[in-house]
Each structure stands twice: as structure tokens, then as C-alpha cells.
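The structure under discussion is supplied below as C-alpha cells; questions concerning it will follow.
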Amino acid sequence: MLNMWALYIFGSVAEQLFGRLYYIGMYVLAGLMGSLLSSYLTIRDGYELLQHFDRLAGLQSSLIPHISAGASGAVMGLGAALTVISLFPPLPQQRFWLDKKSLLMVMAINLVFGFTVAGINNAAHIGGMLMGAVLAVIWYMGQRIHKPNLGIYVGLVVGAVTCYLFYDYCMQQVQILEPIWRQILIAMRAQLHF
């Protein structure tokens with residue numbers, strides 16, 4: 001519910017500021033990067049758990065792989081993009097005055113909330129924020145050099161390539177873990193008589 005409220009607030013301003021194409025691309029790429037960073041950290045947790053399984057069994061349930069779902073990474077990407085744009089001098093054609101103090105405060109509260117409340121995937125928030133910030137800087141530079149279409153295309157390509165390369169890296173890490181997890185599942189099935 002909170003994500004949808006934030007999407008309504010951030011999204012309406014972001015779509016008008018960045019244009020529909022870039023807004024949709026930013027939303028999707030920030031969501032993907034949030035998911036990828038969350039997945040990467042889960043993979044790292046899997047390595048940690050398997051490396052020290054005897055000592056950590058039952059003690060570090062936070063290291064057990066988990067599934068996460070939601071739009072928070074994408075929404076935080078939009079919030080970060082607006083925050084970054086608010087830090088730069090306004091563009092001549094910019095129709096909105098972005099209050100940097102309010103945006104910085106909202107983003108900080110979301111991060112603190114994510115670090116202090118259990119069950120919130122802060123890695124998705126951070127991944128989305130990083131992608132949103134990078135895409136905002138590229139878009140802004142395109143606007144400043146009076147080549148807005150170049151900024152849009154460069155931003156979307158940079159975002160897509162970054163997501164693909166990070167996805168490929170994560171898949172390489174998973175391939176190393178998969179045989180070990182299979183052996184654990186086989187052993188568990190044998191113990192439980194499945």
C-alpha cells in the first residue's frame with residue numbers, strides 16, 4: 001500500500017518531468033536493479049551459510065535464502081531520480097520546483113526504516129536508488145547539452161546493459177552454488193523420507 005502511494009506521488013511528477021518513455025524505462029530498470037542487488041546479497045548469504053554451516057545452523061536464519069516481492073526498488077529509483085534532479089540547477093524548461101530538503105528527508109526516512117524494521121528488503125531499495133540516480137544524471141546531462149534524445153537513449157542503454165551484466169554475474173555465482181544446494185535437498189529428502 002505504501003509503495004503504491006509513493007508511486008502515485010513520485011510517479012506523477014517523474015512522468016511529467018522525464019517523459020513517458022524514460023519514466024517507464026527508469027521504473028523498470030530501477031526495479032530490475034533492486035531485484036538484482038537483493039538476489040546478489042542472497043547469493044552471498046548462501047555462500048556464507050554453506051561455508052560456516054556447522055557454526056551457523058539455526059543461529060543465522062537471516063542467511064537462509066528467501067524470496068522477496070514488491071515494487072519498492074522501482075519506486076525508490078523514481079524517488080532517487082527526483083532527489084538527484086533537485087540537487088542540480090533547474091533546467092530552463094523544468095515545470096516543477098523540486099524541494100530538495102523534502103526529497104532528501106523522504107529518501108532518508110525510507111532507508112532508515114528499511115534498516116530498522118524487519119521484513120523490508122533494503123537491498124532492493126538501494127539497488128533501485130542507485131539505478132534511478134544514475135539514470136537521472138544521464139538524463140540531466142542530455143538536457144544540459146541540448147540533446148535530450150541522446151540522454152534518453154544513452155541512459156536506457158546504460159541501464160539495460162548494467163542490469164544485464166549484473167544479472168550475468170549473479171547467474172555465474174548461482175551456478176557455483178547450485179550443485180551444493182541440490183546435495184543438501186537430496187539429503188533433507190532422504191532424512192524426511194520424501
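The values are calculated or read from the model by the stated rules, or taken from the named source; none is laboratory data. It should be emphasised that the depicted structure is a prediction, and the values quoted were computed from it without experimental measurement. Every residue, glycine as well, gets a Cβ built from its backbone with ideal geometry; the counts of neighbours run over all protein chains shown. Each accessible area value is taken on the protein alone, full model and side chains, heavy atoms only, with ligands, DNA and RNA left out. Shrake-Rupley method; radii C 1.70, N 1.55, O 1.52, S 1.80 Å.
Counting only the heavy atoms of the protein chains, how much of residue 39 is accessible to a 1.4 Å probe, in Å² to the nearest 10?
60
Taking the Cα centre of the chain as origin and charging only Cβ (+1 Lys, Arg; -1 Asp, Glu), how large is the dipole, in debye to the nearest 20?
400
Using the per-residue mean of other Cβ atoms lying within 10 Å as a proxy for protection, in what order, highest first, do the peptides 91-99, 149-157, 130-138 fall? Can you show the working numbers first?
Values: 91-99: 11.3, 149-157: 16.9, 130-138: 24.2.
Result, highest mean Cβ count within 10 Å first: 130-138, 149-157, 91-99.
Residue 176 accessible area, nearest 10 Å², 1.4 Å probe?
Accessible area of residue 176: about 90 Å².
When the helices in the chain are scored as -39500 (n - 2.57) per DSSP H run of 4 or longer and the sum is shared across all residues, what 222 nm value do you end up with, to the nearest 500 deg cm²/dmol? Intermediate values should be presented prior to the final figure.
Working: 7 runs with 154 residues, N = 194.
Counting only the DSSP helices, I get -27500 deg cm²/dmol.
For residue 5 and residue 174 in one chain, what is 0.36 nm times their gap in residues minus the Cα-Cα distance, to one decimal in nm?
Values: separation 169, 0.36 × 169 = 60.84 nm, distance 3.48 nm.
Stretched out fully, the residue 5 to residue 174 stretch lengthens by 57.4 nm.
Turning to a different aspect of this structure: Please work out the Cα convex hull volume for the range 101-194 and give it in Å³ per residue.
Numbers: hull volume 12.2 nm³, N = 94.
Hull volume over Cα atoms, normalised by residue count, gives 130 Å³.
Per residue, how big is the convex hull around the C-alpha atoms of the chain? Give it to me in cubic angstrom, could you?
So the per-residue hull volume is 134 Å³.
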